[in-house]
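The values are calculated or read from the model by the stated rules, or taken from the named source; none is laboratory data. No experiment lies behind these values; they were computed from the predicted model shown. So basically every Cβ, Gly included, is an ideal-geometry build from the backbone, and we count neighbours across all protein chains shown.
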Amino acid sequence: MLDELDKRIIEELCISSQGSYRQIAKRLGVHPTTLIQRIKNLEEQGIILGYRANVDYLKLGYEFMALVHIYVEGDILDVQGKIKAMDSVICIFDVTGECDSIAWVACKDRDEFSELIKRMLTIHGVQKTNTYVVLNVIKDPYQFIPELDIGGPA
C-alpha cells in the first residue's frame, strides 16, 4: 500500500527525475536514505518501471506522427509483437472497439510513413489500417501525473 510520501515521490519523479537523490530528497523534505529506500521499494513493486528523457519528437526531425488503427484477423498478440518491433512505433495499444490495436507512430516524412504502413499491411493477420495524422500534441503521456489513492479499501 502506498502512503503519502510514496505518492509525493511518484509525483516528483513524474514531474522530473533529473537531479541527485540528495536534490530530490531536499525538494521533498526527506533524508536521502529514506528516498533511496522508498524508490527501491517502488521499483521492486513494479510501480516505477524506469527513467527516461521526455524528448520533443518534432525537434528530432520526426515531422510526421499518426495514430494507426489496426484491424486484425487471427493471432493479435503475434501481430502486435511484430508491430512493436518496428522502429517508428512509439507505442502500441491493445484496445476494445472497432479496431484491435492502435499504434502511435513517428516518422521523419510522408515517404517513411507510407513505407511503415505498407510494411504493417504485409504482416500476416493485418486486414487493414486506418490512419489519423497528428496535427499537434496538446498533452503527451509525460504530462500525466497520476492521482494516487493512498487510503485503504472503503
Considering the stretch 1-33, residues that are of a type in the set (A, V, I, L, M, F, W, C) and assigned to a loop (DSSP other than H, G, I, E, B), and then whichever is nearest to LEU148 (Cα to Cα), we arrive at LEU2
Yes or no: ILE36 more than 20 Å from the chain's Cα centre (by Cα), part of a helix (DSSP H, G or I), surrounded by 14 or more Cβ atoms within 10 Å (Cβ to Cβ) and outside the structural domain of ASN130 (by TED's automatic domain parsing)? yes
Yes or no: the stretch 81-88 includes at least one residue that is within 30 Å of MET1 (Cα to Cα), at pLDDT 90 or above, out of contact with any His (no Cβ under 8 Å at 6 or more places or on another chain) and surrounded by 12 or more Cβ atoms within 10 Å (Cβ to Cβ). no
Can you name the number of the only condition in (1) at pLDDT 95 or above; (2) surrounded by 15 or more Cβ atoms within 10 Å (Cβ to Cβ); (3) within 18 Å of the chain's Cα centre (by Cα) that GLU43 fails? (2)
Taking the condition of being of a type in the set (S, T, N, Q), closer than 15 Å to GLU63 by Cα and surrounded by fewer than 11 Cβ atoms within 10 Å (Cβ to Cβ), how many residues in the stretch 107-149 meet it? 1
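Identify all residues within the stretch 41-79 that are among the small types (Gly, Ala, Ser) and not in a loop (DSSP other than H, G, I, E, B); write none if there are none.
Within the stretch 41-79, the first condition is being among the small types (Gly, Ala, Ser), and the residues that meet it are 46, 50, 53, 61, 66, 74.
Selection gives ALA66 alone.
Here are some residues: LYS128, LYS82, LYS118. Which one is in contact (Cβ under 8 Å) with a residue 24 or more places away in the chain, farther than 30 Å from SER16 by Cβ and either in a helix (DSSP H, G or I) or in the same structural domain as ILE15 (by TED's automatic domain parsing) (or both)? So that I can check it myself, show each step before the final result.
Working: LYS128 fails: either in a helix (DSSP H, G or I) or in the same structural domain as ILE15 (by TED's automatic domain parsing) (or both); LYS118 fails: in contact (Cβ under 8 Å) with a residue 24 or more places away in the chain.
After applying the criteria, what remains is LYS82.
If the requirement is being of a type in the set (Val, Ile, Thr), closer than 17 Å to LEU135 by Cα and touching a strand residue (DSSP E or B) at 6+ places or on another chain (Cβ under 6 Å), which of these qualifies: ILE83, ILE70, ILE90? Full working, then the answer.
Values: ILE83 fails: closer than 17 Å to LEU135 by Cα; ILE70 fails: closer than 17 Å to LEU135 by Cα.
Of the residues listed, the single one that is of a type in the set (Val, Ile, Thr), closer than 17 Å to LEU135 by Cα and touching a strand residue (DSSP E or B) at 6+ places or on another chain (Cβ under 6 Å) is ILE90.
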Which listed residue, of GLU63, GLU73, is modelled with pLDDT under 95, in the same structural domain as THR129 (by TED's automatic domain parsing) and exposed (fewer than 15 other Cβ atoms within 10 Å of the Cβ): GLU63
